Amino acid sequence: MKKLLILLFTALALFASPYTGFMKLKKGDWAKYIIYTDEGTFSMTTKFLGTTEYKGLKVNIVEIESNGMVTQYWSAVGNDRAIQKLITKTPQGIMCMSEEMIGMMNADKNAGYHTTTPKEYNPNKPHIKFATYTLPNGKKIKVAIFKNKKSEVWVSSQVPFGIVLAKENGKTVMKLEDFGSGAKPTIPLKEARSCTPMALPFPTM
């Protein structure tokens with residue numbers, strides 16, 4: 001009976017899906033990407049800095065470094081709705097916007113990252129294709145491929161924030177370069193929390 005159970009579990013492991021949804025993030029997890037745009041190519045590093053309480057809500061803190069700019073996002077746990085956006089590396093020091101200001105600027109109220117599995121990348125969707133993606137350092141990871149008429153996205157349960165490769169109309173717009181753990185904030189969290197939102201340059205309607 002014991003041998004039969006071992007064989008059964010081995011068979012289940014072999015046929016188990018290599019993709020089970022986005023990984024549960026731990027403080028310090030990071031992913032580095034290469035972004036391709038019409039204006040050129042640049043790198044972007046996304047870091048998960050943990051969770052905290054803010055305005056009575058539990059929020060995730062995610063920091064994105066790109067093109068010499070560091071942006072720290074405080075977003076709602078569970079749906080990544082923007083709560084507060086903070087920007088540093090300016091001559092004036094740390095600048096921040098409240099959620100009200102983000103809304104007035106018609107900015108997307110959802111952050112540009114995923115801390116949980118979005119419905120479009122649900123591992124229970126039918127006809128998911130699987131492949132292997134090789135990083136520049138030679139490390140291989142298992143990916144699931146989601147396609148529609150205009151886009152193709154490769155995602156992985158092994159990578160922080162899930163995204164590995166993104167294409168639009170057959171053209172690569174984003175690809176994973178490396179990932180790991182142990183990331184530290186560039187914007188000190190105490191300063192980010194105490195930052196006073198900058199005054200609007202125009203009157204509210």
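Give the residues of the stretch 20-57 that are over 19 Å from Gly182 (Cα atoms), in a loop (DSSP other than H, G, I, E, B) and among the acidic types (Asp, Glu), sorted by residue number.
Within the stretch 20-57, Asp38, Glu39 meet the criteria.
When Thr196 is evaluated against the numbered criteria (1) touching a residue at least 40 places away in the same chain (Cβ under 8 Å); (2) surrounded by 10 or more Cβ atoms within 10 Å (Cβ to Cβ), which criterion, by number, is the only one it fails?
(2)
Pairs only if they're at least six apart or on different chains, beta carbon under 6 angstrom, first in the stretch 139-156 and more than 11 Å from Tyr19 (Cα to Cα), second surrounded by fewer than 13 Cβ atoms within 10 Å (Cβ to Cβ); list them, first residue then second.
Every condition considered, the pairs that remain are Lys140/Thr132; Lys140/Thr134; Lys150/Asn169.
Values in this text are rule-based calculations from the coordinates and carry no lab data. Predicted model, so just to flag it, every value in this text is computed and none were measured. Because the Cβ atoms are built from the backbone with ideal geometry, glycine has one as well, and the counts that use them run over all protein chains shown.
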